[in-house]
Each structure stands twice: as structure tokens, then as C-alpha cells.
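Values in this text are rule-based calculations from the coordinates and carry no lab data. In this text, all values refer to a predicted model and were calculated from it rather than measured experimentally. We place every Cβ from the backbone using ideal geometry, glycine too, and count neighbours over all the protein chains shown.
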């Protein structure tokens with residue numbers, strides 16, 4: 001799937017969501033061409049960031065989607081399967097947005113657990129830590 005095709009799919013998926021979800025998402029949804037390897041990756045090419053929710057700051061609240069990350073992880077999938085992965089990521093980032101508006105952080109905790117499990121599986125951390133996981 002080309003970046004232009006992904007933009008069209010992303011626009012279509014964004015239209016599936018209720019208008020109320022866009023409250024205070026003043027920076028919108030941005031599709032970026034690059035792949036973004038996670039700062040926590042333990043092996044090159046092992047952990048990519050598919051999307052990010054940004055809150056506040058000069059650009060306000062917005063969602064980033066990384067086309068290059070999708071291509072690296074899901075590039076061999078059919079267009080329909082790629083669309084399903086994109087839908088999951090977009091909704092994940094919208095959940096961050098909605099929880100931010102509600103003053104909740106349930107998904108932040110889930111993401112931290114996922115990251116901890118990843119790091120433990122790669123031998124980066126062993127057993128229990130007294131220090132909290134870094135925020136994503």
C-alpha cells in the first residue's frame with residue numbers, strides 16, 4: 001500500500017468515528033512517511049511505534065500515524081489486512097485522546113505493561129523492579 005493509498009484509508013477510517021471523539025483534537029490526525037523505531041527496542045527492527053497521541057503544547061492535541069512503521073511491520077499483508085491494523089492503531093490512539101479528556105490513564109497503564117513484558121522477554125529487565133516503568 002502506498003502512502004497516498006494509506007492516507008485515503010486513514011481518512012475513511014477516521015470518518016467511521018463519531019464527531020464527538022474529535023473534541024479538542026485540534027491538531028487532527030497526521031500520517032508521517034517515516035518508520036519510528038521505539039526508543040525501548042532491544043534489537044534493531046524489533047519494536048516500532050505505529051502511532052502516537054500528543055497532548056498539549058504548541059500544536060495542541062493530535063495523533064501521529066507512522067506509514068513507514070506500518071510498512072516495516074505489515075508490508076506483506078493484503079490491503080484489507082493492513083486496513084484492519086490501521087483501524088486498530090487509530091482507535092488505540094483515539095482511546096488515549098478520550099482518556100486524556102476524561103482524566104483517565106487506563107491505556108497508559110496497559111501500554112506500560114506491554115512494554116515491561118517486551119523488555120522482560122528480551123532480558124532487558126529481570127524480575128520485579130522497585131522503580132516504575134518509564135512513561136511511553
Most mobile listed residue (29, 109, 73) in the chain, GNM with C-alpha springs under 10 Å:
109
Could you tell me what fraction of 2.2 N^0.38 Å the Cα radius of gyration of the chain comes to, as a two-decimal ratio?
1.11
Once you place label points 7 Å from the Cα toward the Cβ at residue 113 and residue 5, how far apart are they in nm?
3.6
Which whole-angstrom value gives the distance between the alpha carbon centres of region 1-31 and region 92-124?
21
